[in-house]
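Worksheet: one structure, shown below.
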Amino acid sequence: MRRIHVDARVMREATSQKYKVNYDLSTALFPVKPGDAVWLHRPVRKPGRNPKLAPKWEGPYVIPERVNDLIVWLQSRTNGKKRMANVQNIAPYVDPDFPVRGSWLTFL
């Protein structure tokens, strides 16, 4: 009976390690540094509005500082309020006035 428990523990640890490796491969976080402009993902449903058409991203925000590898402070460009966010909920902000090289829009 003890051998079965040991074998089960070894298999569970091996499977857990395999799942961790696969998860880490699929979770690619873009590097953020203080001063970067980002979008914040906030899929909040407002009563009386169609969630299909509601914006799911807020921003742009600026990152004044990093707390650790996963948490950053965000500061709103419009009102200056600060909030914390996980880096999995942010995306890089690209200024719409920034010319995109090779874009089909440049040919219009």
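With respect to the chain, whose longest principal axis is taken over its alpha-carbon atoms, helix 2-26 is tilted by about 20°. When the chain is treated as a Gaussian network with alpha carbon springs shorter than 10 Å, the biggest mean-square fluctuation among SER26, SER76, SER16 belongs to SER16.
Per residue, the average separation of C-alpha pairs within less than 8 Å and at least 6 apart gives the chain a relative contact order of 22 percent. The ranking of TYR23, TYR93, TYR61 by Cβ neighbour count inside 10 Å, starting from the fewest, reads TYR23, TYR93, TYR61. Across the options GLY35, THR78, PRO51, the greatest Cα extent toward the positive end of the charge dipole of the chain (unit charges at beta carbon of Lys, Arg, Asp, Glu) belongs to PRO51. Considering helices alone, the calculated mean residue ellipticity of the chain at 222 nm is -8000 deg cm²/dmol, with DSSP H runs of length four and up weighted by -39500 (n - 2.57) and normalised per residue.
Values quoted throughout were computed directly from the atomic coordinates according to the rules given, and no laboratory measurement underlies them. Since the model is a prediction, treat every value here as computed from it, not as a measurement. As a convention, Cβ positions derive from the backbone with ideal geometry for all residues, glycine included, and neighbour counts pool all protein chains shown.
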